[in-house]
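First up is the structure itself, then whatever we jot down about it.
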Amino acid sequence: MHKIEGSQATARQAAELLRSVISQQRVPYTNQAGALIDAVRAVGEQLIAANPVELAVGNIVRRVLHIIREENLSLATAAIAGLNLSAASDGDDDDDGERDEHTVLSAAAVAAAARSTLRPPSLQTLLEDMPESATIPHTTSSGGDSEGKSKSADKSSRTRRLKHDIIEAVNELIQDITTCHEQIAEQAIEHIHQNEVILTLGSSKTVLEFLYAAKEKRRSFRVFVAEGAPRYQGHLLAKELVARGLQTTLITDSAVFAIISRVNMVIVGAHAVMANGGVIAPVGLNMVALAAQKHAVPFVVLAGSHKLCPLYPHNPEVLLNELRSPSELLDFGEFSDCLDFGSGTGSPLLHVVNPAFDYVPPKLVSLFITDTGGHNPSYMYRLIADYYSADDLVVRGRIASGKLSSDRFCLLYSR
């Protein structure tokens, strides 16, 4: 079994797993969407609990739940619209008095009813609740058997159609996740100009492809790469940039303030983008954002739509940080005397805090570039609202409060 690393790969695997769940799930004749939502939510809870720090997993679970609701609503609205046309057609042969007796459901009423509940009503439920005068006239008793078979076939057909439409929409989501780097990179020519100096920190495939796309358009520019201690992912990015023919300068993280005045733009990746426009990013980026603000340098964040999270930083479902191993900072053999327990105190003399992420508030971000285009931080909540349903924001039932507290402390400490 191999370990999946990176938000993009994790998001794609989560979407493929949920697609499989939907495909194999057996649904009842009534409330098919509700059964699929319950199944996806149950699996989604386990996925989120397995890695609560990887917010992309929760984002994909919520996106799939939103897809189920939207496809069910679309089918119900289309079916009722067809029923209205059928009722209106049959009424053309009747007198005005008889026509007034028929009750017809509007598509708007169906949409309002579907959105008002956690589980949108299926078409079958709506039809069963309709007055007898609103239904299509019954056939004679001699045709009862054929009518029953026809209804059963219709139910089966609606179930297959709903699952088919949902799976098609999830396939589109998987395709969007797979091609997000290319979609973002296509916009590079609009933002990087000739002879500019770009600063980034750590390693990001999105940033790599973005910079390389500008170079492919014959833009000549220099890239400063902060090494991203303590994991030094910036070393990997610098090597990749040089291999692709870009002029690259590797610097220490502490040198950011010293060279920021020479920089035209800061371009970085993100771990997650929150609903308020704040960014959870690799540790050290908050310092870079502060330096950019001090010198009026644009701070641009690249993020695929699978990283757009509908939650706010203060939501209890959000684990903002994780503590990485102290061995990334120091050699235990060299510091063994410092890590010995003090006499009578019962605790080590040296404590090592190694947070993985920083939080960059929206006021420090100049622009977001996603696979759907460039957006101001103030617009992010509207963009995120298009991808999720309010009923699905809370997926997990239980949160490890102890770990949450330590992670929140770690985030504040890293600022």
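The values are calculated or read from the model by the stated rules, or taken from the named source; none is laboratory data. It should be emphasised that the depicted structure is a prediction, and the values quoted were computed from it without experimental measurement. All Cβ positions, even for glycine, are placed from backbone atoms using ideal geometry, and neighbour counts span all protein chains on display. Note: areas computed on protein heavy atoms with side chains; ligands, DNA, RNA excluded. Shrake-Rupley method; radii C 1.70, N 1.55, O 1.52, S 1.80 Å.
List of remarks:
- Long-range amide H partners of F224 with built H, under 5 Å: I198, L199, T200, T249
- Fraction of accessible area attributable to carbon and sulfur, the range 183-414 (%, probe 1.4 Å): 52 percent
- Across the range 174-199, the residues whose backbone nitrogen lies under 19 Å from the label position 7 Å along the beta-carbon direction of K205 are 174-188.
- Mean accessible surface per residue for the range 183-414, computed with a 1.4 Å probe while every protein chain stays in place, in Å²: 47 Å²
- Charge context of Q194, other residues only, Cβ under 15 angstrom, K/R +1, D/E -1: +2
- Separation in nanometres of the label points that stand 7 Å from Cα toward Cβ, at D391 and N276: 2.8 nm
- Additional length obtainable on full extension of the chain from S74 to E196, 0.36 nm per residue less Cα span: 39.1 nm
- Net lengthening on full extension, R161/L350 (0.36 nm per residue, minus Cα-Cα): 61.8 nm
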